[in-house]
Amino acid sequence: MTLSEAFLWPGTKACERLGVDPKGEAGLIRWMVNTLVYLVVSLIVVWVVVV
């Protein structure tokens with residue numbers, strides 16, 4: 001597994017569960033899932049650092 005595959009893993013797994021090809025038109029779904037996952041992770045990190 002390459003570093004890019006590791007970063008895209010949450011969105012890829014979500015697309016597989018939905019039954020769509022993450023490399024095709026569902027790339028936007030993969031992007032959205034990855035954005036939401038990493039948004040939550042980064043907000044948790046910021047919350048822990050600040051508080």
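The values are calculated or read from the model by the stated rules, or taken from the named source; none is laboratory data. Source: prediction; values computed, not measured. Cβ placement follows ideal geometry from the backbone for every residue including glycine, while neighbour counts extend to all protein chains displayed. Accessible surface areas use protein heavy atoms only, side chains included; no ligands, DNA or RNA. Shrake-Rupley method; radii C 1.70, N 1.55, O 1.52, S 1.80 Å.
Search segment 26-51 for residues that are more than 15 Å from F7 (Cα to Cα) and pair each with any residue that is part of a helix (DSSP H, G or I) when their beta-carbon atoms are under 6 Å apart and the residues are at least 6 apart or on different chains.
From residues that are more than 15 Å from F7 (Cα to Cα), the pairs are A26/C15.
Is it fair to say V45 is of a type in the set (V, I, T), surrounded by fewer than 10 Cβ atoms within 10 Å (Cβ to Cβ) and at pLDDT 90 or above?
On the way: of a type in the set (V, I, T): yes; surrounded by fewer than 10 Cβ atoms within 10 Å (Cβ to Cβ): no; at pLDDT 90 or above: yes.
Spelling it out, it is not the case that V45 is of a type in the set (V, I, T), surrounded by fewer than 10 Cβ atoms within 10 Å (Cβ to Cβ) and at pLDDT 90 or above.
Return the residues of segment 1-36 that are open to solvent by less than 50 Å² (accessible area, probe 1.4 Å) and either part of a helix (DSSP H, G or I) or at pLDDT 90 or above (or both); say none if nothing qualifies. Even if it seems obvious, please write down each step before you answer.
Quick first cut of segment 1-36, residues open to solvent by less than 50 Å² (accessible area, probe 1.4 Å) only: 6, 10-12, 14-15, 22, 24, 26-27, 30, 33-34.
Those that are open to solvent by less than 50 Å² (accessible area, probe 1.4 Å) and either part of a helix (DSSP H, G or I) or at pLDDT 90 or above (or both): A6, P10, G11, T12, A14, C15, G27, R30, V33, N34.
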